[in-house]
Amino acid sequence: MATVRELRRAVVTGGAGFIGSHLCERLLDEGLEVLAVDNLVSGDRANLAELEGRPGFRFLERDVCAEGFADALPGGPFGLVMHLACPASPADYLRLPLETLETGSSGTRNALELAHRHGARLVLASTSEVYGDPQEHPQRETYWGHVNPVGPRSVYDEAKRFAEALVTAHRGTHGTDAAIVRIFNTYGPRMRPGDGRAVPTFVRQALAGEPLTVAGDGSQTRSLCYVDDTVEGLLALAASGLPGPVNVGGDEEITILELAQRVIALTGSRSKIAHIELPGDDPVRRKPDITRAREQLGWAPRTGWATGLKRTVSWFAELPEAVRAPRP
Ligand code: UDP
C-alpha cells in the first residue's frame, strides 16, 4: 500500500475526540471520504465544526459498543477503519470505568467486525499505558509491561491490552488486516480544557493566573508529541500494511515540573507551582523507543516543543472564558 488515499473511504471511531478530529481533517485533506462516529461521552462535536460542511465528511452519533454497530453505517464500502473511540484521560476513564472496559472489548470487537466485513484495513489506537509503570526504559514494543490489574488505571490499561489481544486474534483467525499503534502522550489544540490532563490543566491555570497543580514532586516524566505528528504516525501505519505494534510518541523526555515551568514561561504567566497529591499508580518514567516507527514507517516527530506549545496556548487563549473553565 503506497498511500492511504487508495483506501478511499474511512470510518474514524472517536472522530469527535481530540486526536480523532485532527485525524478526520487529515484524511479529508488526503482525499478520503470520512465518516466520524462518536457517542460524545468525551468527544465534542465542536471539534468537527470546521469539517461539517466539507464534501466527503459525515458525522454519526453512535456508540461503537452498540449491538449491530457494523450493520448499517452510511457511506460505505470502507477501506479503512481507524478505531480511536475510548475515554483516554485518567479523569475520564475513572469517571467511566465500565464504559472504558466495554469500549476496549465490545467496541473493538465491533470495529474489527466492520473491518472484516468490508475487507478494510483497521488501525487500533492503543497506548503507552499497556506498559503500565514501566520497568524498562525507554519502552520498546517488545516490552510486556508492568500493569496493576486491580489498580486505579487498570480499566484503561487492561481494556487496551485486551483490545490488542483481540486485534491479534482477529488477524490470526479471520485474516483481518488489523494493526496496533501505541500512542504516547499527545498534546495540542482541541484537548478538552477540563479533561484533567497535565497540558490542558497547566495551560488553563497559567492563563487564569492560578497556581499550576503539579502532582507529587513533579519528578515523574513524560515524552510529549504534538498532535499533527501523532496523526502522521497513524497515517503512516495505515498506509504501510504492517501489523505493529508500533510506538508513536515524542522522543524528548521531560519532568512534569519542567512541563509546568515551560508553560509558565511561554504564557508569561505570574502563576506559581502548587504541589498536589500524586495519583495512585502514576507511572514514574515514560519515553518511547521509536526505532521501529523510524525504520519501518519512516516516521519521527517533527514539531519542536516551542512551536507545538505556542499553537496549543493560542488555541486555549481564544476559547471563551466559560468554555476554558474546567468541566468534568
Ligand atoms: N499531572 C499533574 N497535574 C495535573 C494533571 C496531571 O501533575 O493537574 C501529572 C500526572 O500525575 C502525571 C502527568 O502529569 O504524572 C501526566 O498526566 P496526564 O494526565 O497528562 O497523562 P498520563 O498520566 O495519562 O500520562
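Conditions (1) surrounded by fewer than 18 Cβ atoms within 10 Å (Cβ to Cβ); (2) part of a loop (DSSP other than H, G, I, E, B); (3) acidic (Asp, Glu), marked per residue:
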residue: GLU25; (1), (2), (3): no, no, yes
residue: VAL34; (1), (2), (3): no, no, no
residue: LEU40; (1), (2), (3): yes, yes, no
residue: PHE69; (1), (2), (3): no, yes, no
residue: MET82; (1), (2), (3): no, no, no
residue: ALA85; (1), (2), (3): no, yes, no
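Does segment 58-71 include one or more residues that are at pLDDT 95 or above and under 15 Å from the mean Cα position of the chain (by Cα)?
No, there is no match, as no residue in segment 58-71 is at pLDDT 95 or above and under 15 Å from the mean Cα position of the chain (by Cα).
Starting from residues that are among the aliphatic types (A, V, I, L, M) and at pLDDT 95 or above, keep the ones in segment 72-87 and report whichever is nearest to GLU33 (Cα to Cα). Walk me through how you get there before you give the answer.
Here is the first cut: in segment 72-87, the ones among the aliphatic types (A, V, I, L, M) are 72-73, 80-82, 84-85.
Those left that are additionally at pLDDT 95 or above: 80-82, 84-85.
Numbers: LEU80: 10, VAL81: 12, MET82: 13, LEU84: 17, ALA85: 19 Å.
Filtering segment 72-87 for residues that are among the aliphatic types (A, V, I, L, M) and at pLDDT 95 or above, the one nearest to GLU33 (Cα to Cα) comes out as LEU80.
Look at segment 268-312 and say how many of its residues are within 16 Å of the ligand (Cβ to nearest atom), modelled with pLDDT of 95 or more and not in a loop (DSSP other than H, G, I, E, B).
So the count comes out to 8.
Given the structure, is GLU258 away from the ligand (no atom under 16 Å from the Cβ), in a helix (DSSP H, G or I) and at pLDDT 95 or above? Show your work before the answer.
Details: away from the ligand (no atom under 16 Å from the Cβ): no; in a helix (DSSP H, G or I): yes; at pLDDT 95 or above: yes.
No; evaluated as a whole, the condition is false for this residue.
Residue-wise test of (1) under 21 Å from ALA16 (Cα atoms); (2) within 16 Å of the ligand (Cβ to nearest atom); (3) among the polar types (S, T, N, Q); (4) touching a Lys or Arg at 6+ places or on another chain (Cβ under 8 Å).
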residue	(1), (2), (3), (4)
TYR156	yes, yes, no, no
ALA159	yes, yes, no, no
VAL203	no, yes, no, no
GLY216	no, yes, no, no
CYS225	yes, yes, no, no
ASN247	no, yes, yes, yes
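Evaluate the following for VAL167: is it buried (at least 24 other Cβ atoms within 10 Å of the Cβ) and either out of contact with any strand residue (DSSP E or B) (no Cβ under 7 Å at 6 or more places or on another chain) or among the β-branched types (Val, Ile, Thr) (or both)? Full working, then the answer.
On the way: buried (at least 24 other Cβ atoms within 10 Å of the Cβ): yes; either out of contact with any strand residue (DSSP E or B) (no Cβ under 7 Å at 6 or more places or on another chain) or among the β-branched types (Val, Ile, Thr) (or both): yes.
Considered against the rule, which asks whether it is buried (at least 24 other Cβ atoms within 10 Å of the Cβ) and either out of contact with any strand residue (DSSP E or B) (no Cβ under 7 Å at 6 or more places or on another chain) or among the β-branched types (Val, Ile, Thr) (or both), VAL167 comes out as yes.
Give me the residue from segment 139-154 that is touching a residue at least 24 places away in the same chain (Cβ under 8 Å) and more than 16 Å from the ligand (Cβ to nearest atom) and, out of that set, farthest from ASP251 (Cα to Cα). Step through it out loud before you land on a result.
Just the residues of segment 139-154 that are touching a residue at least 24 places away in the same chain (Cβ under 8 Å), to begin with: 139-141, 148, 151-153.
Subsequent filtering for residues that are more than 16 Å from the ligand (Cβ to nearest atom) retains 140-141.
Details: ARG140: 12, GLU141: 15 Å.
Per the criteria, the residue is GLU141.
Modelled with pLDDT under 95 and crowded, with 16+ Cβ neighbours inside 10 Å, is that true of ASP251?
yes
Counting only residues that are without any contact (Cβ under 8 Å) to a residue 60 or more places away in the chain, among the hydroxyl-bearing types (Ser, Thr, Tyr) and in a helix (DSSP H, G or I), which one in segment 104-138 is nearest to the ligand (Cβ to nearest atom)?
THR108
Condition (residue is under 15 Å from THR201 (Cα atoms) and surrounded by 16 or more Cβ atoms within 10 Å (Cβ to Cβ)) applied to segment 288-309: is it met by at least one residue? Write out each step before concluding.
Initially, segment 288-309 is screened for residues under 15 Å from THR201 (Cα atoms), giving 309.
Imposing the further condition that a residue be surrounded by 16 or more Cβ atoms within 10 Å (Cβ to Cβ) reduces the set to 309.
Scanning segment 288-309, I find at least one residue that is under 15 Å from THR201 (Cα atoms) and surrounded by 16 or more Cβ atoms within 10 Å (Cβ to Cβ), so the answer is yes.
The values are calculated or read from the model by the stated rules, or taken from the named source; none is laboratory data. Since we're looking at a predicted model, the values are computed, not measured. Neighbour counts run over all protein chains shown; Cβ positions are idealised from the backbone, glycine included.
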